[in-house]
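> Please see the structure below; I have some questions.
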Amino acid sequence: MELFEYTATELAKMIVKREVSSEEIVCCFLKQIELVNPHLNAAVQIFAEEAVMAAKKADSVRHPTTPLHGVPFTAKDVFEVEGKISAAGIMERKDFRPAETAVAVQRLLDAGAILLAKSNCPPGGAGGESDNPVYGRTLNPFLPSRTPGGSSGGEAALVSARASSLGLGSDSGGSLRFPAHCCGVYSFKPTTGRVPNTGAYEHPGGLTDPRTQIGAMARSVEDLELAYGILAGPDPRDSGTFPVPVTSSASAAKRLRESGKGLKILYFGSDNDLSPTAETVVAVKRVAELLRHLPYTESLSEGAPPYCPKKSLDVSQRYWQSSDLSGLDRDKLLTDWDVFRASLALEFKKWDVVVGPVCATPAPEHGTVDAVTFQYTLAYSLLGCPCLVVPAGMSSEGLPIGVQLAAAPWNEDILLAIGLMLQRELGPGPRPLRLLNT
């Protein structure tokens, strides 16, 4: 098996055991980027020389102690990296080289990871398609006429194409979840406030966008949990982060075993407003049936979503336009947002986990993504819920279909615990055979 088929967790263990060198792994992924990027336009800045040098240095350490020692990763171009062009898809920033590295990137570097490249995104990281005037459009690894999604579409494309073992992205309304769905990979958006946005474009602190949260993409839930444990934790420069203890999936499993109480899970195939494809509904039901047989499931109920989709879309659209709102209109927006948050929070008193589509369709055609495309993800951003996306099906066109699992804020451990169990049945996600056989 090629080295790029292994997960980041597996690679880290192989390096520690000296079964393979970091340099071999880094060179393998750099070669894969070289092979697939002309077909994808996903990597916009590649740090080949620096990455190989870092790998050589990692290999010289006799007894590695950091969790991602020598493992390569990639990062969305909204994250600043000291001395490296960080355009964020904006023409005015096409030559911008920041003096500091974003906290999330630095935490991965401090954990021993090696940055291979930065990936494409919409201008400023805002939008549903990874297309901008600096670098152009990123294509879907499964079908070039379709989008890889946005705004973390470049990351999803690289991870899917086996050109990255771990991708760092961000999510304000679905920007990790939608691309993961489009490209057939796993993604994890922690609770808003878990990971500092310091050093991400236009997000110096917690007041600039109370929905935005940084998270990871990978081809396994183990990798997502590993990255989450590294990334989580407050930063004094980000007023929106909180010192809430991080608990593991193992501790959640132990807690559930000892309590004798199982999880109450709600699932829905449609929000009764925007009808998904039949194949999307099948994918949701597949995940639901897998959850039914988990040892921690007390009840599994099919029903309506625990929120009004029209209200979440309306509040989100008004928020996106809030800079143009008058004082009274802005007050009305914040009041409506609070009412929506309170309503959804009460629903999570009834349900431990809610399962549904990520999007009504598989990856849309380029130029067709709009606000409605995110109707299934927006509600959870408004409350700040942690969300896990798992690849759970394929369309007749050969496009991946993801399923979204959400929990109440600060309950990441529960999602990761059941995600690990789901992964045993779902596997690492589909391979984009057209691209990998090129």
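> First check a/c for the stretch 137-293, with a ≥ b ≥ c the square roots of the eigenvalues of its C-alpha gyration tensor; if it is under 1.5, answer rounded, and if not, answer prolate when a/b is larger than b/c or oblate otherwise.
oblate
> Along its three principal axes, how long is the stretch 1-92 when you only count alpha carbons? Whole Å, largest extent first please.
45, 29, 20
> To continue, here is another question. Give the order of 56, 311 when sorted by the count of other beta carbons within 10 angstrom, beginning with the fewest.
56, 311
> Continuing with the same structure: Placing +1 on the Cβ of each Lys and Arg and -1 on the Cβ of each Asp and Glu in the stretch 3-247, which of 44, 175, 187 has its Cα farthest towards the positive end of the resulting dipole?
Of 44, 175, 187, it is 187.
> Could you give the radius of gyration (one decimal) and Dmax (whole number) of the Cα atoms in the stretch 302-379, in Å?
According to the Cα coordinates of the stretch 302-379, Rg and Dmax are 14.5, 41 Å.
> P(r) for the chain, please, calculated from all Cα pair distances in 20 Å bins and given in %.
All Cα pairs, binned at 20 Å, distribute as 28, 61, 11, 0 percent.
> Largest first, please: the extent of the C-alpha atoms of the stretch 255-334 along each principal axis, to the nearest Å.
Rounded to whole Å, the extents work out to 52, 36, 16 Å.
> Work out Dmax and Rg for the stretch 3-247 from the C-alpha atoms and quote the Rg first, both in angstrom.
16.3, 47
> In addition: Sorted from fewest to most neighbouring beta carbons within 10 Å, what does the list 168, 40, 436 look like?
Going from sparsest to densest Cβ surroundings: 436, 40, 168.
> Which of 30, 426, 116 has the fewest other C-beta atoms within 10 Å, and how do the rest follow up to the most?
Taking fewest neighbouring Cβ atoms as first place, the list is 426, 30, 116.
> List the pair-distance distribution P(r) of the stretch 79-206, using every Cα-Cα distance, as the percent of pairs falling in each 10 Å bin from 0 up to the bin containing the longest distance, rounded to whole percents.
Answer for the stretch 79-206: a P(r) of 14, 45, 36, 5 percent.
> Using the scaling law 2.2 N^0.38 Å as the reference, what is the normalised Cα Rg of the stretch 258-413?
1.11
> Right, next: Loop-only check: which trypsin sites (Lys or Arg not before Pro) in the stretch 181-272 are DSSP coil with at most 12 other Cβ within 10 angstrom?
Sites meeting the loop and neighbour criteria: 261.
> A further question on this structure: To make sure I understand the rule: partners must be lysines, Cα under 19 Å from the Cα of residue 350, and not fewer than 8 residues away in the same chain. Which ones qualify?
261, 264
Where a number appears in this text, it was derived from the coordinates with a stated rule and is not lab data. The structure displayed is predicted, hence computed values, not measured ones. Cβ atoms come from the backbone with ideal geometry, glycine included; neighbour counts cover every protein chain shown.
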